[in-house]
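See structure below.
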Amino acid sequence: MERLRRFACLTKKGCSEIMEGLIPELGPHDVLIRNTACNICTTDYGQWLGLREHQGYPMVGGHEGCGVIEKTGEEVTTCAAGDFVGINVYKGCGTCAHCRKGEFSQCVNPPKLITEDGYLGEFGFATHAVWDEYSVIQMNPRLEPGCANFLEPLATVVKGLKKLRLAPFETVAVIGGGTMGMLNALEARALGTRVIVSELNPKKLETARKIGFETIDSGQKDPVKGIRELTGGKEADAVIVAVGAAQANEQAFEMVKNIDGRILQFAAGYPAPVTQIDWNSIHYRRLELIGTYGADAEDFTDAAMMLNTGIVDVSELVEPKRYPLTEMQKAFEAAATPGMYRVCVECQK
Ligand SMILES: [Zn+2]
Ligand SMILES: [Zn+2]
């Protein structure tokens, strides 16, 4: 019996339309997920704004979602109907050197996410999605759906912080108190560090304080000075750059400790930030400049554990107002408003 699903499709810049299409047939290792909710990522509303149009149309995006398994393919053994799950959205070819190590996010020949009827994307902004059982991650059903949706973004943070090698009692400066900055801050604190958040938006500063972080209002005070004051001149052992802006990169070089400091470049900026760096300083100061992007299988498992146990509580990072899928256009407008944390779309409404 053929069944239809409803989804929000980006047909061009600024234009999200509600459409219907067939639910694909399940392969032996596929599962049908009845999507509960999906958060709007910067990548999603960036394309809606016309900033990331290289992603293509027609786009049914949404990779920060959760749902309940409705049906499983004949040979599925690792999950069952009724399970509350999130998705590891990175798919690999399975055979390249990265895939063989489980690093699907770095696959050199990733399969294109495209349906038989020609729609691109992960189908988070849809009533139903089909994934294979290997992409399914078990989530705690007691988690509020808007919070369970943080699996993928937190996995990318976990990946970056493993590369940054934070040790307990270290001091970490996070530049940028947006969703990803705060997520980095929460995870860094969970690892036993002292976290100081630098931000200029008053709403974000207030949220950072509410969650219990030390803050620097970078609109009022030079954040480099702020870090020196708060650390008694010692500066930060590590700096996480969570804004895509040249000024943030320059600040990171100044606020990280003079010798053996580490800088994690977490954010991308559009257009790409360009700075002048004195490369001798990397040599003499023995600085480490660390880049990160994406997340791999183990990072998803670790991120799920952090969320499922409540060690990382992201409830302050979801906007309280929820949008039904049928009002996707309004949801995009809200998500693209400066100062917003994640906007959550309810997929069955
Ligand atoms: Zn995302
Ligand atoms: Zn591959």
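Values in this text are rule-based calculations from the coordinates and carry no lab data. Note that this is a predicted model, so its numbers are computed, not measured. Cβ: placed from backbone, ideal geometry, glycine included. Neighbour counts: every protein chain shown.
Observations
- Calculated FRET value between GLU70 and LEU200, using beta carbons and R₀ = 35 Å, to 0.05: 0.20
- Taking the number of Cβ atoms within 10 Å of each Cβ as an exposure proxy, the fewest-first ranking of MET182, MET305, MET328 is MET305, MET328, MET182.
- For segment 62-156, pairs of C-alpha atoms spaced more than 18 angstrom apart make up 51 percent of the total.
- Looking at the chain alone, DSSP beta bridges between its own residues are antiparallel in about 55 percent of cases.
- In segment 21-93, GluC sites (Glu not before Pro) in a DSSP loop with at most 12 other beta-carbon atoms within 10 Å: GLU25, GLU74, GLU75
- P(r) tail for segment 154-291: Cα pairs beyond 17 Å make up 54% of the total.
- Exposure proxy ranking, count of Cβ atoms within 10 Å, fewest first, for PHE253, PHE169, PHE104: PHE169, PHE253, PHE104
- The fewest-to-most ranking of PHE213, PHE7 by surrounding Cβ atoms within 10 Å reads PHE213, PHE7.
- With the charge dipole of the chain set up from +1 on Lys and Arg Cβ and -1 on Asp and Glu Cβ about the Cα centre, the Cα lying farthest toward the positive end among the listed residues ILE277, VAL318, GLY192 is that of ILE277.
- Selection among VAL158, GLY233, LEU205 by position relative to the dipole of segment 154-291 gives VAL158 as farthest towards the positive end (Cβ unit charges, Cα centre).
- With 0.36 nm allotted per residue and the present C-alpha distance subtracted, the LYS163-ALA97 stretch has 21.8 nm of extension available.
- In this rough spin-label picture, where each label sits 7 Å from Cα along the Cβ direction, the GLU333-ASN280 distance is 5.5 nm.
- The peptide list 109-117, 38-46, 86-94, put in order of mean Cβ contacts within 10 Å with the highest first, becomes 38-46, 86-94, 109-117.
- Per residue, the chain reaches -7500 deg cm²/dmol at 222 nm when only DSSP H runs of four or more residues are counted, each adding -39500 (n - 2.57).
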